[in-house]
Amino acid sequence: MLELTGIIPAIPFFSFLLLAVFGPRMARKAVSVVGVGSIAASTIISGIVTAVFISAPPSGWSYHEVIWRWMSVSSFQADIGFYLDALSVVMVLVITFVAFLIHLYSTEYMEGDEGYSRFFAYMNLFVASMVTLVLADNLLLLYLGWEGVGLCSYLLIGFWYTDPANGRAARKAFIVTRVGDTSMVIGLFLIFQRLGTLNIQELMHRAAQQWPVGAAFAIAAAALLLGGAVGKSAQLPLQTWLPDAMAGPTPTSALIHAATMVTAGVYLIARTHVLFSLAPPVMLAVAVIGAATLLLAGCSALTQRDIKRVLAYSTISQIGYMFLALGVGAWSAAIFHFMTHAFFKALLFLAAGAVIQAQHEEHDIFKMGGLRRMIPITSWAFLISGCALAGLPIITAGFYSKGMILWGAWSSPQGAPALWIAGLVGVLLTSLYIFRVIFIAFFGEAQIPVEHPPRLAKNLSMVVLSVLSIVAGWVNLPPYLGNKLWLDELLHTSLPTVAEKQLGWMTEGWSEGIITAAFVLGLLLAYELYLKHRGATRPLTENALGRAIHEFWNADWGFDFAYDKLFVAPVVWFAQVDKRDFIDKFYAGLAALSRACYRALSATESGRMRWYAASIVGGTVVFVFIVLFL
Amino acid sequence: MILVWFIAILLAGGIACWVVARWSAPACRWTALAATVADFVLSLIFWIRCYPVNLLRQQDWLRQVNWTWFPEAGIHFHLAIDGLSLLLVVLTFFLGIVSVLASWNEIREGVGFFHLNLLWVVAGIAGVFLAVDLFLFYFAWELMLIPMYFLIAIWGHERRVYAAVKFFLFTQLSGLLMLISILALYFIHHRATGVYTFEYSELIGTSMPLHVAIWVMLGFFIAFAVKLPMVPVHTWLPDAHTEAPTAGSVILAGLLLKTGAYGLLRFVVPLFPAAAHWFSPIATILAVIGIIYGAVLAFGQTDLKRLVAYTSVSHLGFVLLGIFVWNKLALEGALITIIAHGISTGALFVLVGSLQERIHTREMDRMSGLWQTIPRFSGAAMFFAMASIGLPGLGDFVGEFLILLGTYKVSVGLTVAASIGVLASTLYGLKFIQRAFHGSNVHHWELHDLFAREVVIIAPMIAILLWLGLFPQPVLNTFTPTMNKLQQTASQQYQALDRGQQ
């Protein structure tokens, strides 16, 4: 049954083709059936593949399938080939399933939209590319999926293309991520040059044989791949595109800019973990980038008024946690958090989308209020996913995955108390910013009357994701809760386990306890500041320093400003100044010179005999002079 | 004989078009279409029958025609075909069909003379790809120049005369340098062997001191570099491409530039391996400058056609880079780029041309929001723009990736710089889409979406780019034997020269 793997990306690809060519002429019903049905089919197949993989694992816990040879030039070979192991199985199942729910939700969300079939065409292409990325057996095919999801992200951010602001956000996303991609593709060149293959398993095998830990080439290769990962996963210093990416339709934000595509960087690092293990400085960089990003983005999330931008910064921050896990070698914890995050963050966005549509496209949380009484299912969904995000203990999924990451940050050999503390502060920030939204928008007085309350498709997907936001954590029960690490054990067939160093007084239980304290502190603070004494934060932003910090965080720590001045402005300036191509001036000069010579010479042909006689005499004198004296 | 047919059909078809047009313009168009389709089908059948067995067995050429022309001077009418020429000839005839179809409604005056010129320029290009006698090669080189001049000067846009003269001067002057080099080679060969010949396979291996070889090579190189075009001799290109009628732009970008690349591949490096080797640092650096500078220039344009024109400077920089890196990966990449760029840029010119027919302007300020009125057209434009900026899965990416992979073996610095050029291509690609098709339809255009004729042109081009992007192996395999042979001659002789100098 594992042979079905190749069909998982093929179905959405062909339905993309169908929708792209015939979509505009199809009835909406037909578009929904094709657009959602294709993803449903892919989900079912990936479910079957997962079940077979777990119940009757192939030898070595991996399955490899070559569909055709893509290109072969002298020693370079790349296939259209798929590689299935625990890592890709988990990823594909989560991606297709979440994608299916979001497609289902979209049938209602996009129902009145002009570009209905275009939307589903792009979304299907996205799923096809994302699954290709995850299943690719070589880095070149992975890169194909990588750029494919980038294209879909661009197309969907700029989906409502009539507004130039959306176009700007879309281009920014494409260009910024392509900066990272450039680094990644150079990494591919280096890897092929040094290891002679781009097949992921083979290159990791050869790298482990050829390079000692800390080898210069291993560091270079890992650092270059990290560049790609940082771009796609919106980590420092390339995080600037994600908040603007919220210009796209909300289901897009849920699927691409929260649950799946932005975690591609996490997947890339986990996929090539051997390479990163050989490069300890890069591992440290991954951890530090993760820790720094989660703090910076957490602070920025606190200052946003736009509900989607809060969630965008939250996504950046949560991926920061995944990077932190990768950096300390807690590979499976990162993938665990990817999974739980995919559920609860997709749900947060879907709920936010339902809120926005119910509130006349209003994004500002301060103009909302009292939603919990008006749209109860949506409010419950937002509350559950918000709790999962903040890590409400025992019940929600986020608690387990985040706890595992922080425990790794403390206990792994690459871990450090500083990283743990950063993660802990992040928990406080997360709890504070998400309950800020909940208390402001869902509690208090109603402000805007509700229109378009969510119906079946929206509610159904939200309910399913709500359940998953809770139960998804129970697949990894830590030692103090029964020690049933099912997912962890499955993932360890393809990813190494975390070694634990000497631990001192700290145990996993203590770590979880302190995290819970941070969560509760954030919750209480939010309750005090945003529900009980609304406006209590006003004095903070009224003095100059407070306002400056608020502005600074709100503007993403000045990154946009700096990049505009440093990179964008000079390139645009030069391109405009050089529109006429100054090299052409040289040739224009030549032309002008020869025209001038022509005029000068033709001026001598004046028709006056005296001039002719004089020049003949003058010429003769010069000629005789030359002959006689030189 | 099939090689003679390739050219004769076009030459005769051109005259037939001219004659027929006196009575009926549509008949003239159909004649031109028939001639190009006939040639395309012939070349395709030839390719399929050669693939892959004959290609591997091939000794010198797959097929050749060798008639004595001026025996006293050693001039032969010698046409020959191998994998490289075959691919380029197929591309030539395909784009020939595209140009005829693209001119269907655009050209309304002088229809007969237009098609005469069009078919003759295609014939000249096919001649360039097939001639292996240097005299004949030069003859074909000039043959394609003059009809092209007329195409631009008569049927072009506002500044057509300026552009045509500029095009003519650049190519003619550089062509003369090549003529001098051909003659120099001819006499050097005579001095060494006592035989007067223009035969390519004879002239290969002519030994000469490096400093002489460099000068002779530069004559060839400059002619080909102008055609390619390489920065800083590229400035004829934007004017010629922009002012030419659509068919002219398609042929210029899709084919004429490729004759420069072909010349470098076929003549410059194999004839003067040592000199080319000596020159390669300069050529590759200029290539990378071209990649980045061309992309930035394209980004700065507001004339849609000019933007597309400048992208050629950038893409052909990759070809130049691949050729002078001269390893298997880079050469195969250069070949794929030659073909893929011919298709993707050709298609962009077709689209921009038909847009100009609809709205009578090329200024992007007058466009904006066209997606609202012509979604299919815009979708197609998006597709080709994405091909042009090197999206994986489409033809251009395979070419550029292989070139860069090969370049990395030679120079990391050049690879990094050229990769930044790929990044820069994103800027112009997205600007192209944003300014013309996205945004709101502020000028309230209401246009007709793709006509059936346009679909017939565009759909195969989309299919070819997908094919090249996802399964390029047949093209790579066709080129491989030729490439091995070119590499072998160049390296053998390179060693011989080294010994000769000691």
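Things to note:
- Residue in the stretch B:187-202 that is touching a strand residue (DSSP E or B) at 6+ places or on another chain (Cβ under 7 Å), in a loop (DSSP other than H, G, I, E, B), away from chain A (no Cβ under 14 Å) and surrounded by 15 or more Cβ atoms within 10 Å (Cβ to Cβ) present: yes
- Qualifying residue in the stretch B:369-382 (condition: away from every other protein chain (no Cβ under 13 Å) and among the basic types (K, R)): no
- Count of the stretch A:577-603 residues which are closer than 16 Å to B:Y310 by Cα and within 7 Å of chain B (Cβ to nearest Cβ): 5
- A:A99 vs. criteria modelled with pLDDT under 95, in a helix (DSSP H, G or I), surrounded by 24 or more Cβ atoms within 10 Å (Cβ to Cβ) and within 14 Å of chain B (Cβ to nearest Cβ): no
- Residue in the stretch B:232-239 that is in a helix (DSSP H, G or I) and more than 14 Å from chain A (Cβ to nearest Cβ) present: no
- Single unsatisfied condition, B:N327 versus (1) under 30 Å from B:F139 (Cβ atoms); (2) at pLDDT below 90: (1)
- The set of residues from the stretch A:431-451 being in contact with a Gly (Cβ under 9 Å, 6 or more places away or on another chain) and over 14 Å from A:Y527 (Cα atoms) comprises A:E445, A:A446, A:Q447, A:I448.
- A:A234 satisfies every condition listed in (1) within 30 Å of A:F567 (Cα to Cα); (2) in a helix (DSSP H, G or I) except (2).
- Which listed residue, of B:F299, B:F279, B:F267, is within 14 Å of another protein chain (Cβ to nearest Cβ) and either part of a helix (DSSP H, G or I) or aromatic (F, W, Y) (or both): B:F299
- Leading residue by the ranking (surrounded by the most Cβ atoms within 10 Å (Cβ to Cβ)) among those in the stretch B:383-401 that are hydrophobic (A, V, I, L, M, F, W, C) and at the interface with chain A (Cβ under 7 Å from one of its Cβ atoms): B:V398
- Every test in (1) out of contact with any helix residue (DSSP H, G or I) (no Cβ under 9 Å at 6 or more places or on another chain); (2) within 14 Å of chain A (Cβ to nearest Cβ) is passed by B:Q487 save one, and that test is (1).
- Listed by first and then second residue, the pairs with beta-carbon distance under 6 Å, at least 6 apart or on different chains, first residue in the stretch B:220-239 and touching a residue at least 40 places away in the same chain (Cβ under 8 Å), second among the polar types (S, T, N, Q), are B:F220/B:S181; B:I222/B:S174; B:A223/B:S174; B:V226/B:S174; B:K227/B:T259.
- Against the list (1) more than 13 Å from every other protein chain (Cβ to nearest Cβ); (2) among the basic types (K, R); (3) surrounded by 14 or more Cβ atoms within 10 Å (Cβ to Cβ), the condition A:R608 fails is (3).
- Of the criteria (1) in a helix (DSSP H, G or I); (2) away from chain B (no Cβ under 14 Å); (3) farther than 21 Å from A:H341 by Cβ, which one A:A20 fails: (2)
- Pair list, Cβ < 8 Å and 6+ apart or interchain, from the stretch A:68-83 residues that are more than 7 Å from chain B (Cβ to nearest Cβ) and within 21 Å of B:P481 (Cβ to Cβ) to residues that are part of a strand (DSSP E or B) and modelled with pLDDT under 90: none
- A single member of B:I146, B:I152 is among the β-branched types (V, I, T), surrounded by fewer than 21 Cβ atoms within 10 Å (Cβ to Cβ) and under 17 Å from B:A253 (Cα atoms), and it is B:I146.
- The helices (runs of 4 or more DSSP H) found entirely in the stretch A:372-448 that carry 3 or more residues being touching a residue at least 60 places away in the same chain (Cβ under 8 Å) and touching a Pro at 6+ places or on another chain (Cβ under 8 Å) are A:397-411.
- Among the residues listed as B:L447, B:L414, B:L404, the single one being within 8 Å of chain A (Cβ to nearest Cβ), farther than 18 Å from B:R306 by Cα and of a type outside the set (S, T, N, Q): B:L404
One line per residue, one yes/no per condition, for (1) within 13 Å of chain B (Cβ to nearest Cβ); (2) surrounded by fewer than 19 Cβ atoms within 10 Å (Cβ to Cβ); (3) of a type in the set (S, T, N, Q); (4) free of Cβ contacts under 8 Å to residues at least 60 places away in the same chain:
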| residue | (1), (2), (3), (4) |
| --- | --- |
| A:C152 | yes, no, no, no |
| A:T162 | yes, yes, yes, yes |
| A:R171 | yes, no, no, yes |
| A:L188 | yes, no, no, yes |
| A:G196 | yes, yes, no, no |
| A:L203 | no, no, no, no |
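Per-residue answers, yes or no, for (1) surrounded by 15 or more Cβ atoms within 10 Å (Cβ to Cβ); (2) modelled with pLDDT under 85:
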| residue | (1), (2) |
| --- | --- |
| A:A526 | yes, no |
| A:Y530 | yes, yes |
| A:H533 | no, yes |
| A:N554 | yes, yes |
| A:F561 | no, no |
| A:F567 | no, no |
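- Count of residues meeting criterion [of a type in the set (D, E) and either in a helix (DSSP H, G or I) or over 27 Å from B:L203 (Cα atoms) (or both)] in the stretch B:34-91: 2
- Verdict on A:G148 being small (G, A, S), facing chain B (nearest Cβ under 10 Å) and within 30 Å of A:V568 (Cα to Cα): yes
- Of the numbered criteria (1) in contact (Cβ under 8 Å) with a residue 40 or more places away in the chain; (2) at the interface with chain B (Cβ under 8 Å from one of its Cβ atoms), the one A:V134 fails is (2).
- Checked against (1) under 27 Å from B:N117 (Cβ atoms); (2) touching a residue at least 40 places away in the same chain (Cβ under 8 Å); (3) out of contact with any helix residue (DSSP H, G or I) (no Cβ under 7 Å at 6 or more places or on another chain), B:V37 passes all but a single condition, namely (3).
- Some residue of the stretch A:475-495 being assigned to a helix (DSSP H, G or I), without any contact (Cβ under 8 Å) to a residue 24 or more places away in the chain and acidic (D, E): yes
- Residue within the stretch B:428-447 that is among the hydroxyl-bearing types (S, T, Y) and at pLDDT 90 or above present: yes
- Residue tally, condition assigned to a helix (DSSP H, G or I) and either among the small types (G, A, S) or closer than 21 Å to B:W215 by Cβ (or both), over the stretch B:144-170: 4
- Across the stretch A:546-576, the number of residues qualifying as of a type in the set (V, I, T) and more than 14 Å from every other protein chain (Cβ to nearest Cβ) comes to 1.
The values are calculated or read from the model by the stated rules, or taken from the named source; none is laboratory data. Everything numeric here is computed off the predicted structure, so don't read it as measured data. As a convention, Cβ positions derive from the backbone with ideal geometry for all residues, glycine included, and neighbour counts pool all protein chains shown.
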